[in-house]
Amino acid sequence: MIQLLHSNISVNSAGHLTFAGFDTVSLAEEFGTPLYLLDEKRLRENCRTYASSMRGYFGGGSMALFASKALSFKGIYRITAEEGLGADVVSSGELYTALKAGFPPERIFFHGNNKTDADIRYGIESGIGYFIVDGYEELEALGRIASELGRTQDVLLRLTPGIDPHTFAAVNTGRLDCQFGVPVLGQGMDFAKTALETPGVRLRGFHCHIGSQIFGWVPFRDASDIMLSFMKEVKDTLGYEAEVLNLGGGFGIRYTEDDPVIDIGEQIGKTAAHVKARCEKLGLSLPAVLMEPGRSIVADAGMTIYTVGSVKTIGEGYTNFVSVDGGMSDNPRYALYEAPYTVALASRANDRADFLCTVAGRCCESGALIQKDVYLPRPVRGDKLAVFCTGAYNYSMASNYNRLPRPPIVMLTAEGPKIAVRRETFEDLTACDM
Ligand SMILES: *Cc1c(COP(=O)(O)O)cnc(C)c1O
């Protein structure tokens with residue numbers, strides 16, 4: 001039996017894998033492979049869980065911001081805007097895309113550990129809501145450019161609380177020593193004081209982000225404890241009370257059967273109850289609380305379909321290799337950090353999965369795998385292969401390595417499949433070449 005993993009994945013009477021109710025083999029025939037699929041209904045449901053939980057448990061000004069580095073194209077900004085989310089951007093390119101899609105600038109937050117003067121100017125001129133200031137140099141540049149433009153820019157300060165949420169080291173960003181933010185301990189107070197004294201800048205609160213694939217509220221409880229204690233110290237020392245506390249992103253999603261199922265609404269509810277109690281105890285008024293989900297908004301709304309090209313078997317004791325027509329160019333996450341994914345043979349989903357193999361892409365790197373050691377029905381050339389939960393950090397991390405055109409994104413909607421991003425052409429590949 002294949003692992004179905006999420007409720008939007010099933011198998012139809014033809015033995016084909018379905019996604020959001022659509023036959024993935026028919027979609028592959030209609031739109032070609034490799035192919036990214038996005039389930040609009042699931043996407044909107046995920047947005048609504050966050051929007052209603054943040055508002056319901058924390059109250060009025062609280063909100064979820066979609067961390068758009070997880071998936072950035074015009075359509076996703078339209079949907080998240082409609083669902084009442086804010087957006088995090090980390091570059092002028094993401095900001096441009098959001099604005100082109102009509103995303104309300106006042107709900108945009110500009111992140112990043114090395115914003116250039118040009119980024120800062122573009123953000124201020126576009127009227128974005130907040131910069132999340134990552135360090136002293138940025139604070140100085142922001143103050144200088146805002147003053148030049150005759151503006152006062154709202155900011156949050158990014159602080160590192162020094163928490164290890166027990167996730168993979170490369171996506172663990174809450175430690176004291178990392179390239180993001182300023183440590184709460186030792187430097188936080190001076191950073192806040194400097195912000196309060198910087199002309200052109202209006203300090204509104206603080207931000208932290210502790211990591212990714214977090215399966216529960218406890219790391220958020222610990223982070224909020226550190227941040228609220230700091231906010232209390234700032235109030236007592238500098239006479240400044242923060243209005244906004246941003247707890248970052250990172251709720252986990254179920255890539256494989258080994259990952260737990262979590263109820264995100266419930267986790268937000270528990271976090272909110274804790275934050276409210278702490279504020280009361282510390283004599284702080286409840287700030288507007290923000291969270292920044294990325295993968296938990298889009299990952300399980302995505303699936304990638306490939307066509308199998310070759311099956312190599314040497315024999316007993318050797319790895320069997322199944323190669324598909326995409327790879328690290330459309331999903332670099334295995335090559336980067338051996339990210340786990342669930343793989344299924346979409347064209348024969350009911351056949352017995354008794355062939356142990358490694359699924360490789362077509363890029364010329366031995367580490368460019370999709371997934372190691374998976375069980376599939378023994379594939380043949382032309383079979384369609386699906387990789388589940390690819391909505392986050394696949395398209396947004398895709399490249400033209402080996403001059404492979406990026407696949408299209410087909411949105412699966414109530415009115416049928418719609419091309420949300422078209423497939424790149426060979427002309428696109430040479431468009432910038434002189
Ligand atoms: C990456 C990131 C997020 C989103 O993380 P997910 O694991 O995708 O939810 C949110 N905030 C910041 C600052 C980030 O760097």
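The values are calculated or read from the model by the stated rules, or taken from the named source; none is laboratory data. Note that this is a predicted model, so its numbers are computed, not measured. Note that we place each Cβ from the backbone using ideal geometry, even for glycine, and neighbour counts take in every protein chain shown.
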Inset, instruction - Can you give me the ranges of the strands (runs of 3 or more DSSP E) entirely in the stretch 344-427 with at least 3 residues that are surrounded by fewer than 20 Cβ atoms within 10 Å (Cβ to Cβ)? - result: 355-360, 369-376, 416-421
Inset, instruction - Return the pairs, sorted by first residue and then second, in which the second residue is loosely packed, with under 13 Cβ neighbours inside 10 Å, the first residue lies in the stretch 417-434 and is farther than 14 Å from residue 302 by Cα, the beta carbons are less than 7 Å apart, and the residues are 6+ apart or on different chains. - result: 429/400; 429/403
Inset, instruction - Of the conditions (1) within 16 Å of the ligand (Cβ to nearest atom); (2) within 17 Å of residue 219 (Cα to Cα); (3) surrounded by 15 or more Cβ atoms within 10 Å (Cβ to Cβ), residue 302 clears all except one; give me its number. - result: (2)
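Can you pull out the residues in the stretch 55-74 that are of a type outside the set (Ser, Thr, Tyr), touching a Leu at 6+ places or on another chain (Cβ under 8 Å) and on the phi < 0 side of the Ramachandran plot? Spell out the reasoning first.
Applying the first criterion (of a type outside the set (Ser, Thr, Tyr)) to the stretch 55-74 yields 55-56, 58-61, 63-67, 69-71, 73-74.
Then keep just the ones that are touching a Leu at 6+ places or on another chain (Cβ under 8 Å); that gives 58-59, 63-66.
Listed by number, the residues that qualify are 58, 63, 64, 65, 66.
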Inset, instruction - Could you tell me whether any residue of the stretch 326-333 is touching a residue at least 60 places away in the same chain (Cβ under 8 Å), touching a strand residue (DSSP E or B) at 6+ places or on another chain (Cβ under 6 Å) and within 16 Å of the ligand (Cβ to nearest atom)? - result: no
Legend entry - Single condition residue 78 does not satisfy, out of (1) assigned to a helix (DSSP H, G or I); (2) within 14 Å of the ligand (Cβ to nearest atom): (2)
Legend entry - Hey, residue 261 exposed (fewer than 15 other Cβ atoms within 10 Å of the Cβ), closer than 29 Å to residue 25 by Cα and either of a type in the set (A, V, I, L, M) or within 14 Å of the ligand (Cβ to nearest atom) (or both) or not: yes
Legend entry - residue 129 of a type in the set (Gly, Ala, Ser), surrounded by 14 or more Cβ atoms within 10 Å (Cβ to Cβ) and at pLDDT below 95: no
